[in-house]
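Here is the structure we will look at, set down as structure tokens.
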Amino acid sequence: LRGDAAYGIASLLRSRGVAVERRVQVYRNNLFVSLGAALGAVYPVLARLVGEGCFRQLARGYVVRHPSRSGNLQEFGAQLPAYLRKQAALATLPYLGDVAALEWACHEVYHEADETPLDADSLATLAPEEQARLRLHLQLATRFVASPFPVLAIWQANQAADVAPVSL
């Protein structure tokens, strides 16, 4: 990912026409572009807030520091909120890490397994002694994001025009 090892890899490959180093560079670039696009799909509000060019730079730096360790692309990007909080260049935008945390929570909830919701009518039919033994829990698709910033309002105000409004 950093490019220094590409030349060691290139010595193991053979190529006709296009230099091996150039082929490795094309592969490397495609890796950055595809993982950056995956981050953009999970963090569209963040991308909108910082702009396309800045987001590409952030994504590239993130990919180098936190390369994908799974074959499941849905897991890629989990550390981006913490990564943003450590970026000195973003110190004037301290809410970005929390907005990203909200977007990651939405991503996780979207991919979480569905559970059967509580049915109040069924609950009402339980005998009082059964109700006393009943234990309720939050849905698996529940996330809690705490922030001193109005991240929900920021997130809602920066939805794409073609996205239906969502209230959490």
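The values are calculated or read from the model by the stated rules, or taken from the named source; none is laboratory data. Treat the numbers as computed from the prediction; the structure is a model and nothing was measured. FYI the Cβ positions are ideal-geometry reconstructions off the backbone, even for glycines, and counts take in every protein chain you see. Side chains included, ligands, DNA and RNA excluded: accessible areas come from the protein's heavy atoms. Shrake-Rupley method; radii C 1.70, N 1.55, O 1.52, S 1.80 Å.
Here are some notes:
- Helix content alone sets the calculated 222 nm mean residue ellipticity of the chain: runs of n ≥ 4 DSSP H residues at -39500 (n - 2.57) each, divided across all residues, give -15500 deg cm²/dmol.
- Added length on full extension, which subtracts the Cα-Cα distance from 0.36 nm per residue, R60 to A127: 18.3 nm
- Cα gyration tensor shape for the chain, rounded if a/c is under 1.5, else prolate or oblate: prolate
- C-alpha long axis of helix 96-111 to longest principal axis of the chain, angle in °: 70 degrees
- Heavy-atom accessible surface of D121, to the nearest 10 Å², is about 120 Å², with a 1.4 Å probe and all protein chains retained.
- Carbon + sulfur, % of accessible area of region 53-115 - ligands and nucleic acids excluded, 1.4 Å: 50 percent
- Loop-located trypsin sites (Lys or Arg not before Pro) in region 33-107 whose Cβ has at most 16 other Cβ within 10 Å (DSSP): R69, K86
- Accessible surface, the chain, averaged per residue in Å² (probe 1.4 Å): 69 Å²
- The stretch between E21 and A91, if pulled fully straight at 0.36 nm per residue, gains 21.5 nm over its current Cα-Cα span.
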